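Report on one structure; see the data block that follows.
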Amino acid sequence: MMRSKVFSLVARAGSNRMMSTATKLTTVEVNDKTGIATLTMNRAPVNGLNLELLQDLKSSIDEIEGNKSRGLILTSSSSTIFSAGLDILEMYKPDKDRIRAFWTQLQDTWLALYGSSVPTAAAINGHSPAGGCLLATSCEYRVMVPNFTIGLNETQLGIVAPQWFMASFLSVLPQRDAERALNQGRMFTTEEALKVGLIDETANNKEEAIEKCVAFIGTFAKVNPLARSLTKQQFRAADLQQLQNGRKEDLEKFLFFVNQPAVQKGLGIYLEGLKKKAKKQ
């Protein structure tokens, strides 16, 4: 599929500039007054992270970096799901070439978000398991709406989270709490996540969550942007470099693991469970 390498201006309303990628799986809105960009995931129904959504996320992050935005807020157009995580269909009975492209793109997207030079915040307006939690914890600040859940629950699906997933988790939680939660595949409610420090604040709704993210990014208004960016890069340099240095090995480990018969069987059972659940609704 041919994809545009640039964003196009599609609308202008008040002080906001609306931009979107060619496939519209993400949209970017830049507030001209604050200089802050809101990056919204739009892949219905659950923002499953497939190859195309990951490509759009990376392109959106690159655009925000390039247009000198003062900050990035990541959120979802869904009212109940931030992101359901990696699209299981990418990993179940995978196409050899596509699965390589998928995991490589996931690496690229994480490197771009976790290593972003601008302040980043997540307005978590829905459930955020697995890869959704990865995106949220890759941001510097998290505000979550009540009555949802968040966590790295890979072990519940028979999947092992790679080291760089753990790095994002460990940048937020103490090691003991992170290790136990990862081993259990634990999902935290909004209230539990706030108590352990997995999120920073709660908000009554998406709009309030975005406002609180704006306020967080605003705390850097009087801080030298270059000094702030370089300080952040130093804190995250080891995690970023570890994946950069071991990208090929990480890819091969993932391909070996995901193609194991036991893993494929587990993914198949999980998909069947989702189908049955959908029929009852």
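Note on residue 155: accessible area approximately 70 square angstrom, rounded to 10, probe 1.4 Å, nucleic acids and ligands left out.
Ranking of 41, 187 by solvent-accessible surface, largest first: 187, 41 (1.4 Å probe, protein heavy atoms only, all chains present).
Per residue, the chain exposes 49 Å² of accessible surface when a 1.4 Å probe is rolled over the protein heavy atoms with every protein chain present. For helix 96-114, what angle does its Cα long axis make with the longest principal axis of the chain, in degrees from 0 to 90 and rounded to 10? That works out to roughly 40 degrees.
Couplings for the stretch 63-69, taken from phi via the Karplus curve 6.51 cos²θ - 1.76 cosθ + 1.60 with θ = phi - 60°, read 5, 5, 4, x, 8, 6, 4 Hz in order; Gly and Pro are left as x. Put the Cα centre of the stretch 253-273 next to the Cα centre of the stretch 112-129 and the gap is 28 Å.
Counting protein heavy atoms only, the chain has 55 percent of its accessible area on carbon and sulfur, 1.4 angstrom probe. Residue 201 exposes around 50 Å² of accessible area when a 1.4 Å probe is run over every protein chain in place.
Looking only at the stretch 26-279, where both bridge partners belong to it, what percent of the DSSP beta bridges are antiparallel (to the nearest 5)? Of the beta bridges lying entirely in the stretch 26-279, close to 25 percent run antiparallel. Helical runs (DSSP H, four residues minimum) scored at -39500 (n - 2.57) apiece and divided by the length of the chain put the mean residue ellipticity at 222 nm at -15500 deg cm²/dmol.
The values are calculated or read from the model by the stated rules, or taken from the named source; none is laboratory data. From a predicted model like this one, the values you see are computed outputs, not experimental measurements. These area figures cover heavy atoms from the full protein model, side chains too; ligands, DNA and RNA do not enter into them. Shrake-Rupley method; radii C 1.70, N 1.55, O 1.52, S 1.80 Å.
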